[in-house]
1. Identify, by number, the condition in (1) modelled with pLDDT of 95 or more; (2) closer than 22 Å to Cys109 by Cβ that Gln31 doesn't meet.
2. Which one of these is touching a Lys or Arg at 6+ places or on another chain (Cβ under 8 Å), crowded, with 19+ Cβ neighbours inside 10 Å, among the aliphatic types (A, V, I, L, M) and touching a residue at least 24 places away in the same chain (Cβ under 8 Å): Ile34, Ile54, Ile7?
3. Would you check if Leu114 is assigned by TED's automatic domain parsing to the domain that holds Ala127, farther than 20 Å from Ala127 by Cβ, outside any strand (DSSP E or B) and within 24 Å of the chain's Cα centre (by Cα)?
4. In this structure, is Ser157 surrounded by fewer than 13 Cβ atoms within 10 Å (Cβ to Cβ) and either on the phi < 0 side of the Ramachandran plot or among the basic types (Lys, Arg) (or both)?
5. Give the residues of the range 133-145 that are loosely packed, with under 13 Cβ neighbours inside 10 Å and touching a residue at least 60 places away in the same chain (Cβ under 8 Å), sorted by residue number.
6. In the range 55-64, is there at least one residue being under 24 Å from Asn115 (Cβ atoms) and at pLDDT 90 or above?
7. Please verify whether Ile25 is among the hydrophobic types (A, V, I, L, M, F, W, C), touching an Asp or Glu at 6+ places or on another chain (Cβ under 8 Å), under 23 Å from Asp111 (Cα atoms) and modelled with pLDDT of 95 or more, treating the condition exactly as stated.
8. Please name all residue pairs, on different chains or six or more residues apart, with Cβ atoms under 8 Å, provided the first residue is in the range 146-160 and is under 16 Å from Ser190 (Cα atoms) and modelled with pLDDT under 95 and the second residue is among the hydroxyl-bearing types (Ser, Thr, Tyr) and surrounded by fewer than 17 Cβ atoms within 10 Å (Cβ to Cβ).
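The values are calculated or read from the model by the stated rules, or taken from the named source; none is laboratory data. None of these values were measured; they are calculated from a predicted model. Because the Cβ atoms are built from the backbone with ideal geometry, glycine has one as well, and the counts that use them run over all protein chains shown.
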Amino acid sequence: MSHAIPIVFVVDDDISVRESLELLIRCEGWQPEIFASAQDFLDRPRAKVPSCLILDLSLPGLNGLELQRRVAVDRTNLPIIFITGHGDVPTTVQAMKAGAQEFLTKPFCEDALLNAVRHAIERSQSALNHEAAMQTLRARYKALTRREQEVMKLVASGLLNKQVGAELGISEITVKAHRGNMMRKMEANSFADLVNMAARLRLAHPLATTARRANEF
């Protein structure tokens, strides 16, 4: 993925803008994909490479802000750069609050656009890397046995092996065996590493919460 050619999508109903941006994008070594309407873009399957969207604010049918809302639902790794010939402050604020990378008014400086695209692609790459790492982490957790998952939740919650055994009704030696297998399968190099993984997976065990509260009294 890190070696894939980034895609720069352009959605603009002005053919002259589409053609000029296509040439500019291609000259920078990126792959342009050009669309005349928001619906045409939505019909294109989600890209699995670093990418960004240069989006005209005023479009026939589904406008730029409406497309932004659609994109935010299932294409979170796709930063948006708005371009418009008649932007206003409220609209700009609305777009930026919704997560737009940049908002440029036509005619815009090519360097400003290219810089925005570079930053957007870097942001997209980071999002894709995070997504891939989470998929790997979830797959490792899913490969654990039910007991190993229970041990992971309790251990990551701060309970000692003896406490984990008491909660699950198993011996401390058995807990250690499950813990060793779990650490190996999760590829956790330390307890701190395991806690971080549990936090990223948003794991919480009600028994561990009860035990911690009991220890406070």
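1. Among (1) modelled with pLDDT of 95 or more; (2) closer than 22 Å to Cys109 by Cβ, the lone unmet condition for Gln31 is (2).
2. On the way: Ile54 fails: touching a Lys or Arg at 6+ places or on another chain (Cβ under 8 Å); Ile7 fails: touching a Lys or Arg at 6+ places or on another chain (Cβ under 8 Å).
That would be Ile34, the only listed residue that is touching a Lys or Arg at 6+ places or on another chain (Cβ under 8 Å), crowded, with 19+ Cβ neighbours inside 10 Å, among the aliphatic types (A, V, I, L, M) and touching a residue at least 24 places away in the same chain (Cβ under 8 Å).
3. Values: assigned by TED's automatic domain parsing to the domain that holds Ala127: yes; farther than 20 Å from Ala127 by Cβ: yes; outside any strand (DSSP E or B): yes; within 24 Å of the chain's Cα centre (by Cα): yes.
Yes.
4. Values: surrounded by fewer than 13 Cβ atoms within 10 Å (Cβ to Cβ): no; either on the phi < 0 side of the Ramachandran plot or among the basic types (Lys, Arg) (or both): yes.
Judged against the criteria, Ser157 is not a match.
5. First pass over the range 133-145, keeping only residues loosely packed, with under 13 Cβ neighbours inside 10 Å: 133-136, 138-139, 142-143, 145.
Matches in the range 133-145: Met134, Arg138.
6. yes
7. Values: among the hydrophobic types (A, V, I, L, M, F, W, C): yes; touching an Asp or Glu at 6+ places or on another chain (Cβ under 8 Å): no; under 23 Å from Asp111 (Cα atoms): yes; modelled with pLDDT of 95 or more: yes.
No; evaluated as a whole, the condition is false for this residue.
8. As it stands, the answer is Ser157/Thr209, since those pairs meet every condition given.
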